[in-house]
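See structure below.
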Amino acid sequence: MNLAGVGWTNVNALRRRGIDARLLLFRRAPHRPEEGDIFLDLPGKSFARRQGAQMRAFLGVLPETDVFHFYFGLTLIPKKLQFPILRLTRKKSLFHFLGADIRDRPRHELVYGLKADARVVGSYDALRYVPFDAHVLPPGIDVGAYTPAFPEEHDEPVRVVHAPSSREKKGTEQVIDACKQLPVELDVVEKVHNREALRRYAQADIVVDQLHRGWHGLFTIEAMALGKPVVTSLNTDAVRRTEEAFGLKVPIVAATTDDLAERLRPLVESAQLRRELGQAGREYVERVHDIERVTDRLLAIYAEL
């Protein structure tokens, strides 16, 4: 699964380091159809046909693969077969959890993570959802591919951009209600190709990510890379641990469903504050989420397997 392009970004960064890395997907991502190397295009309803296609793919890549990097808690064949075969053939493996695969599941259902040689999560906030130790590997992006468009003073209404993958999970109705209380123009970006989404993010004065989850996703990272101030819900302990780990302040405005309008108001009223936070966000992304730094961490994890 190429959720938010994380797998494709990692694979390309590994290739730049001279590593033979490939992304194998069950199906193409709807808004990223060109990203991937091996597409199984699994048949929809036939369990037997899907399992047959997955087994053939696994046997095809097994001889030439040293490390199997599994995303979203999914394995290529059933876990009860996957890991005994990997151990028998002396192959290494890791589970890379992306958020939705752990956030909404009971902890006891996640103990299968211990079957792999290592576990990875994307933030310090995610550690509270898993029943095991895990490496923290923030999502990486090619920061150089994002040209900052820091907010400027202008006569038009302040533009707030919100891009929900799920309106309910991201608190979209509360975002809409809060923006109605302020002199802003709200752009809700949904169901568009990533290129079009990025174009609209670049036009934002303020970005609102989500109000329920306690940490941000790739949307926030891309917005900060574009120099935009971001408002989202944040777990205070995860903020503290992140700042301690990386040695700099998390430059994101924390908000909840109860105080979003109040937290947005200073940003709406001050172009200078918007620009300062946008600049701090860009610096933060360069330090924490630059794909080359993330790849250094990923290679260190591989080396420990």
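Each value in this text was obtained by applying a stated rule to the coordinates, not by laboratory testing. Every value quoted in this text rests on a predicted model; they were computed, and no experiment measured them. For neighbour counting, all protein chains shown are included, and Cβ atoms are generated from backbone atoms with ideal geometry for every residue, glycine included.
Tell me, in nm to one decimal, what length is gained between residue 154 and residue 258 on full extension, where the rule is 0.36 nm per residue of separation less the Cα-Cα distance? All intermediate terms of the calculation are to be shown ahead of the outcome.
Values: separation 104, 0.36 × 104 = 37.44 nm, distance 2.89 nm.
My answer for the length gained is 34.5 nm.
Please state the shape class of the range 143-288: rounded when a/c is under 1.5, otherwise prolate if a/b exceeds b/c and oblate if not, all from the C-alpha gyration tensor. Each step should come with its number before you reach the end.
Values: a/c = 1.27, a/b = 1.13, b/c = 1.13.
Verdict is rounded for the range 143-288.
What value, in deg cm²/dmol to 500, does the helix sum -39500 (n - 2.57) over DSSP H runs of n ≥ 4 give at 222 nm once divided by the residues of the chain?
Taken over the chain, the calculation gives -12000 deg cm²/dmol.
Describe numerically, in nm with one decimal, the distance between label points set 7 Å from Cα along Cα→Cβ at residue 237 and at residue 305.
It works out to 3.0 nm between the two label points.
Would you tally the net charge around residue 196, using a Cβ to Cβ cut-off of less than 15 Å, leaving residue 196 out, and scoring K and R as +1, D and E as -1?
Details: positive: 32, 191, 195, 199, 200; negative: 34, 187, 190, 222.
Net charge in that neighbourhood comes out at +1.
Using the alpha-carbon atoms, what tilt in degrees (0 to 90, nearest 10) does helix 260-269 show relative to the longest principal axis of the chain?
Approximately 60 degrees, to the nearest 10.
With everything on Cα atoms, drop me the angle between helix 271-288 and the longest principal axis of the chain, reported from 0 to 90° to the nearest 10.
The angle comes out near 20 degrees.
How much of the pair distance distribution for the chain lies past 30 Å, counting alpha-carbon pairs only, in percent? Intermediate results must be reported in sequence, preceding the final value.
On the way: 16302 of 46360 pairs.
Cα-Cα pairs in the chain separated by more than 30 Å: 35 percent.
Between 0 and 90 degrees, rounded to the nearest ten: what's the tilt of helix 6-16 against the longest Cα principal axis of the chain?
Relative to the chain, helix 6-16 is tipped by roughly 70 degrees.
FRET efficiency for residue 59 and residue 245, Cβ-Cβ distance as r, R0 = 35 Å, nearest 0.05? Mind showing how you got there, number by number?
On the way: r = 40 Å, r/R0 = 1.14.
For R0 = 35 Å, the calculated efficiency reads 0.30.
Taking the DSSP beta bridges in the chain as the whole, what percent of them are antiparallel, to the nearest 5?
On the way: 1 of 26 bridges.
Around 5 percent antiparallel, to the nearest 5.
Give me the distance in nm between label points sitting 7 Å out from Cα along the Cα-to-Cβ direction at residue 132 and residue 48, one decimal.
Here the answer is 3.3 nm between the modelled labels.
Give me the net charge for the shell around residue 270: Cβ to Cβ below 12 angstrom, other residues only, Lys and Arg +1, Asp and Glu -1.
Numbers: positive: 265, 274, 275; negative: 153, 205, 269, 276.
Here the count lands on -1.
Work out how much length residue 17 to residue 111 would gain on full extension: take 0.36 nm times their residue separation and subtract the Cα-Cα distance, in nm to one decimal.
Values: separation 94, 0.36 × 94 = 33.84 nm, distance 3.26 nm.
Once the chain is fully extended between residue 17 and residue 111, it gains 30.6 nm.
Points 7 angstrom from Cα along the Cβ direction at residue 200 and residue 142: gap in nanometres?
In this crude label model, residue 200 to residue 142 measures out at 2.4 nm.
Pick from 44, 122, 60: which residue has the top mean-square fluctuation in a GNM of the chain where Cα pairs under 10 Å get a spring?
Answer for the Gaussian network model of the chain: 44.
Can you check how the C-alpha radius of gyration of the range 94-145 compares to 2.2 N^0.38 Å, as a plain ratio? Kindly include the intermediate steps, with their values, before the conclusion.
Numbers: Rg = 11.8 Å, N = 52, 2.2 N^0.38 = 9.9 Å.
After normalising by residue count via 2.2 N^0.38 Å, the value is 1.19.
What's the FRET efficiency of residue 166 with residue 276 using the Cβ-Cβ distance as r and R₀ = 45 Å, to the nearest 0.05? All intermediate terms of the calculation are to be shown ahead of the outcome.
Working: r = 31 Å, r/R0 = 0.69.
About 0.90, to the nearest 0.05.
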